[in-house]
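Note sheet for the following structure.
Computed from the coordinates by the stated procedures, all read-outs in this text should not be read as laboratory data. If you're wondering where the values come from, they're calculated on a predicted model, not measured in any experiment. Neighbour counts are summed over all protein chains in view; Cβ atoms, including those assigned to glycine, are modelled from backbone coordinates with ideal geometry.
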Amino acid sequence: MKKSVKQQQLERRILRMLSPKAKAAAELIFADHELQALQEYANIVSIKRLGFNDHGPVHTRMATINAIRMFKLLNDAGIKMNLEKEGVGTADDSLTGVILAALLHDLGMSIARDGHELISIELARPFIDRVVDAIHEEHEYEIKAAIKSIAIEGIFGHMATYKIHSLEAGLVLIGDGSDMEKGRARISVLLSDKVRVGDIHRTSASAINKVKIIKGKERPIRIEVEMESSVGFFQIEQVFFPKINISPVKPFIELYAGVVGEEMLKYL
Ligand SMILES: [Fe+2]
Ligand SMILES: [Fe+2]
């Protein structure tokens, strides 16, 4: 199984960030040849056939790192995830569901863009089942059901097309949306030479220099988006903000965006 240097670096970073059960799940995902092949194919369809940006192994790992970072900031601030609040599982169980969703959310791009969040669920099911079953005892039915449901909810909600209700799934939605730094959206800019419908998304996304996820001052999470020109605000207002707006994590987020060298605009 060949992986890019970038992918390998991101995987090592993810493993260092995780608690025991989530780490065991990530290790199984990273060792899965069938999954690697499907993610790479999803990227071929996304970039070469459909003219979108990266939706493959590197993107899903970046989205995962973003989600884990926010998870930790919430945890440090004493905010409990839904599984813990509802007496179903631990923070480690929640994180396991979050990373499974974040790692598998774009598999549906191997088929089509429209409704890919639903196709992703179909394609992710065997991997979710395999991993969750492997890291639990057979009789642990309740927690297996909960983690699988969280993983599916995270995938289901990642396009902000359906309302989701857990903080866990809300982290996946924002983690996915936060992967919009310059180099990330540039792949398709390089590949397409003609003006196409939707180009404003690409131009706008390539104006984003940096997305920082750090500890907030008034709320646990602060997201700072730094752009090189004001065209980047389109990406924030049309793509990123609507995702935060529908996410159950919204009350815990400060959102700032601005052009380098100018004062940042406060959205939340
Ligand atoms: Fe997606
Ligand atoms: Fe995605």
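Data table
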{"item": "For the chain, built as a Gaussian network whose Cα springs stay under 10 Å, the top-fluctuating residue of 18, 50, 118", "result": "50"}
{"item": "Bridge type composition, the chain - antiparallel percent by DSSP, nearest 5", "result": "55"}
{"item": "Loop sites in the range 212-268: GluC sites (Glu not before Pro), DSSP, at most 16 other Cβ within 10 Å", "result": "218, 228, 262, 263"}
{"item": "Ranking of 229, 178 by count of other Cβ atoms within 10 Å, fewest first", "result": "229, 178"}
{"item": "For the range 5-176, Kirkwood radius (reciprocal of mean inverse C-alpha pair distance, Å)", "result": "15.7"}
{"item": "Environment charge of residue 157, counting only residues whose C-beta is closer than 14 Å and scoring Lys/Arg +1, Asp/Glu -1", "result": "-2"}
{"item": "Signed unit charges on C-beta, dipole axis of the chain, positive-most listed residue 66, 209, 234", "result": "209"}
{"item": "Sorted peptide list for 38-46, 125-133, criterion being average Cβ within 10 angstrom, highest first", "result": "38-46, 125-133"}
{"item": "Quarter of the Cα convex hull surface for the range 14-105, i.e. its orientation-mean projected area (nm²)", "result": "6.3"}
{"item": "Dipole of the chain [Lys/Arg +1, Asp/Glu -1 at C-beta], most positive-end residue of 87, 145, 50", "result": "50"}
{"item": "Over the chain: helical MRE at 222 nm, DSSP H runs n ≥ 4 each giving -39500 (n - 2.57), nearest 500", "result": "-16500 deg cm²/dmol"}
{"item": "For the chain, built as a Gaussian network whose Cα springs stay under 10 Å, the top-fluctuating residue of 135, 253, 121", "result": "135"}
{"item": "Percent RCO, i.e. relative contact order, over the chain, from Cα pairs under 8 Å lying at least 6 residues apart", "result": "18"}
{"item": "Most mobile of 159, 109, 17 in a GNM of the chain (Cα contacts under 10 Å)", "result": "17"}
{"item": "The chain, dipole about Cα centre (Lys/Arg Cβ +1, Asp/Glu Cβ -1), debye to the nearest 20", "result": "780"}
{"item": "Residues 136, 116, 105 arranged by fewest to most Cβ contacts within 10 Å", "result": "136, 116, 105"}
